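Here's the structure, in structure tokens; my notes come after.
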Amino acid sequence: MTDELKTLSVPVRLGGGRGYGVEIGAGALAGLGRAARESLPGQARKAAVVSNARVFGLYGERAVASLRGAGFEVSHWLMGEGERFKTLRTAERALEFLSESGLERSDAVVALGGGVVGDVAGFAAALYLRGVAFVQAPTTLLAQIDSSVGGKTGVNTRAGKNLVGAFHQPSAVVVDTATLQSLPRRELTAGWCEAVKQGAVGDRRLFERTKRFLTGEARNVSNRRAGASVTETGAGRDEELAQIIAAQCAFKARIVAGDERESLGRDDARSRKILNFGHTVGHALEAVTNYRRFRHGEAVGYGCLAAAEISKRLGLLDPSELESLREAVALAGRLPAAADLDAETIQRALRKDKKAVGGSVRWVLLEGLGRARVVDGREVAARVVRAAIRAALAAPPRTPK
């Protein structure tokens, strides 16, 4: 990619000399074709783009032009939008599309969209011809900082979320931060909740840096509503945003490099399991509301608060640190109301958590901001879990004054 695009590059280093790069910057989508060409075998001729109608309408022409400019024959298929389309049936239709496109082992699937598109496209790529390459071009904040890096792909079933899937690392990831300008506020909130999560479990400096950025964003929004001028230039904000996203990706890359396939035998503070902070209750919230009330990151926001409440009640987390986490989640954006949801129903849904080992949920808790601890669910009393869920859902956290 050219220097004019001012992209940042984050390497993802895996075992056996494998790896790929994450290119980040405003306008980076113009370099999608080059990134794909540089990361794929020389025989690669075809690129099959999976997207949805809204995203493809905004960015499809740009992505296709870049891929064709790099010498690829390009076809595309549009799936439905939203978590309810992350199904085996959708994956089957994606596989039919790849077959109709005539993809060969040397060719690639390109995921253009958010986390659902990336998960389905990556899963189809993992299955087709027993595995073809795929390139991630994430267009939501959550996908840019989290799901596009690390190789987890999959679909939901009636039994639970992400119970069917495969590890299939991308060949390249291209993050165009300009795509975030078209996102609804709730999608940004979902992404920032994931950003807060990553800082909370593994890197206090990343947590504080993310919180400072969100404080500045909240201040800018307040100033605009008041009619005041915003002194920060658009270019300056774009650069700071790219740096935050790069820092988030670098953290995720370090965890993935050390524990690519989430080893069952590891429960340490650098195992990939720590990235599940907030997801135990978050997935349950999504399931009991039929994936219709919450964006994934919004549910994770509540899940982080529930796990932190458990941590506090077990004497692991200081109340002041819980309050700091609540402030950060509030800065991410307004969460949907959840006080009407029954804690016992949510607790029952936890039993279907795909992270369970030996029939027991593995809680990711906090010993402090930036310090995660994996705890066997049998060590956490059911009454503590219920009380923590009720406390977390009682009222959405509000942006601090």
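Computed values, structure above
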item	result
Gly118 in contact with a helix residue (DSSP H, G or I) (Cβ under 8 Å, 6 or more places away or on another chain), within 19 Å of Asn156 (Cβ to Cβ) and at pLDDT below 95	no
Every residue from region 36-55 that is within 21 Å of the chain's Cα centre (by Cα) and crowded, with 24+ Cβ neighbours inside 10 Å	Val49, Val50, Ser51
Subset of region 273-304 [among the charged types (D, E, K, R) and in contact (Cβ under 8 Å) with a residue 60 or more places away in the chain]	Lys273, Glu286, Arg292, Arg295, Glu298
Residue that is surrounded by fewer than 22 Cβ atoms within 10 Å (Cβ to Cβ), under 25 Å from Ala307 (Cβ atoms), small (Gly, Ala, Ser) and modelled with pLDDT under 95, where the choices are Ala228, Ala235, Ala218	Ala218
Number of positions in region 266-288 that are polar (S, T, N, Q) and either assigned to a helix (DSSP H, G or I) or surrounded by fewer than 19 Cβ atoms within 10 Å (Cβ to Cβ) (or both)	2
Strands (runs of 3 or more DSSP E) within region 132-181 that include 1 or more residues touching a Pro at 6+ places or on another chain (Cβ under 7 Å)	133-138, 172-176
Matching strands (runs of 3 or more DSSP E) fully within region 20-120 where at least 2 residues are without any contact (Cβ under 8 Å) to a residue 40 or more places away in the chain	73-79
Qualifying position, being in the same structural domain as Lys352 (by TED's automatic domain parsing) and either closer than 20 Å to Phe294 by Cα or in contact with a Gly (Cβ under 6 Å, 6 or more places away or on another chain) (or both), among Ala190, Ala159	Ala190
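To keep it simple, each residue is scored yes or no on (1) modelled with pLDDT of 95 or more; (2) part of a loop (DSSP other than H, G, I, E, B); (3) surrounded by fewer than 24 Cβ atoms within 10 Å (Cβ to Cβ).
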{"position": "Asn290", "(1), (2), (3)": "no, yes, yes"}
{"position": "Tyr302", "(1), (2), (3)": "yes, no, no"}
{"position": "Ile310", "(1), (2), (3)": "yes, no, no"}
{"position": "Leu322", "(1), (2), (3)": "yes, no, yes"}
{"position": "Leu335", "(1), (2), (3)": "yes, yes, no"}
{"position": "Lys354", "(1), (2), (3)": "no, yes, yes"}
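So that you can scan it fast, the table gives a plain yes or no per residue for (1) within 12 Å of Val117 (Cβ to Cβ); (2) touching a Leu at 6+ places or on another chain (Cβ under 8 Å); (3) outside the structural domain of Val173 (by TED's automatic domain parsing); (4) among the acidic types (Asp, Glu):
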| residue | (1), (2), (3), (4) |
| --- | --- |
| Ser51 | yes, yes, no, no |
| Glu61 | no, no, no, yes |
| Val64 | no, no, no, no |
| Glu73 | no, no, no, yes |
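The values are calculated or read from the model by the stated rules, or taken from the named source; none is laboratory data. If you're wondering where the values come from, they're calculated on a predicted model, not measured in any experiment. A quick note on method: Cβ atoms are made from the backbone with ideal geometry, for glycine too, and the neighbour counts reach across all protein chains shown.
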